[in-house]
Amino acid sequence: MSLLKALFSVRMLLLAVLLALPTLAFAQDAAAEVAASAPVKSESYLMWLYNALGWYYALAFLLLSFALVALVVMNFMQVSRNNIVPKDLVDSMEAHLNAKQYNEAFALASNDDSFLGKVLTAGISSLTAGNNYSHAIEAMQEVGEVENMKLDHRLSYISLIGTISPMLGLLGTVDGMVQSFSVIASSVTTPKPSELAEGITIALMTTLVGLVLAIPAIAVYHFVRNRIAQLVLEVGIVSERIMSKFPGANK
């Protein structure tokens, strides 16, 4: 909320500066300017965006955008059901346990790299070592917390980009305002709008690009976080159901 207030205050200040410029500046020798001006060369939108941002802001936003895309793809792959609660593993484990093939069930869980496979391996190993069922559940919970922390760490970088992007846009806004104020301060007469355009363009475009990156980053972060919470809860329910079928589970 404080960030939104800061962005709003800076933009209101920029708008006040623009409105304070005398309208006389817009009518200064318009015909002479048109006659003397060179033909405008057409350029692509990407080149225009690059020139509007400046190379340093363009490079920073480009790196953030590449990082965001990579992190989104990686996190969506990590939170797939096959990586956390694979149905094949659940069905195979229950089939082995119903047939009282405990060694085969343990081997199956040990060879599975999914979230559920690691949790089950910890629990079965604890039972195999002679511990009771409550100790096995504690071992499973410890492994589950470690795996959940790994997922949260990967996801937190998306949240970081969602926070950095508008802050970088705010920096560009302040930088553009400083450039526009410098033109006003160093000009003997009322500056032309074209002389202020560079600073104003940086101020507005950095804000725009920062928000374009931040909005989807925040949306993806909350979606994936809820997805992780749902699947981790399912891991707990399924793992306890499977562990209850081992000998000694009622001790």
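The values are calculated or read from the model by the stated rules, or taken from the named source; none is laboratory data. Nothing here was measured: the structure is a model prediction, and the numbers come from that model. All Cβ positions, glycine included, derive from the backbone under ideal geometry; neighbour counts span all protein chains shown.
Considering 163, 121, 190, 201, which residue is part of a helix (DSSP H, G or I), among the polar types (S, T, N, Q) and at pLDDT below 85? Can you show your working first?
Numbers: 163 fails: at pLDDT below 85; 121 fails: at pLDDT below 85; 190 fails: part of a helix (DSSP H, G or I).
After applying the criteria, what remains is 201.
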With respect to residue 61, determine if the residue is surrounded by fewer than 19 Cβ atoms within 10 Å (Cβ to Cβ), closer than 30 Å to residue 172 by Cβ and under 29 Å from the mean Cα position of the chain (by Cα). no
With under 30 Å from residue 199 (Cβ atoms) and part of a helix (DSSP H, G or I) as the only criterion, which of 178, 146 stands out? 178
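Residue by residue, here is whether (1) modelled with pLDDT of 90 or more; (2) under 18 Å from residue 244 (Cα atoms) holds:
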{"site": "76", "(1), (2)": "yes, no"}
{"site": "85", "(1), (2)": "yes, yes"}
{"site": "104", "(1), (2)": "no, yes"}
{"site": "108", "(1), (2)": "yes, yes"}
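Filtering the stretch 204-225 down to residues that are within 19 Å of residue 63 (Cα to Cα) and surrounded by fewer than 18 Cβ atoms within 10 Å (Cβ to Cβ), which residue is modelled with the lowest pLDDT? Please lay out each step first, then the result.
Just the residues of the stretch 204-225 that are within 19 Å of residue 63 (Cα to Cα), to begin with: 205-218, 220-221.
Subset that is surrounded by fewer than 18 Cβ atoms within 10 Å (Cβ to Cβ): 208, 211-212, 215-216, 218.
Details: 208: 87, 211: 91, 212: 90, 215: 94, 216: 94, 218: 94.
Once the filter is applied, the top-ranked residue is 208.
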Being surrounded by 18 or more Cβ atoms within 10 Å (Cβ to Cβ) and of a type in the set (A, V, I, L, M, F, W, C), is that true of even one residue in the stretch 179-192? no
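Which helices (runs of 4 or more DSSP H) sit wholly inside the stretch 72-112 and have at least 2 residues that are of a type in the set (Phe, Trp, Tyr)? Full working, then the answer.
Details: elements: 81-84, 87-98, 102-110.
Those helices (runs of 4 or more DSSP H) span 102-110.
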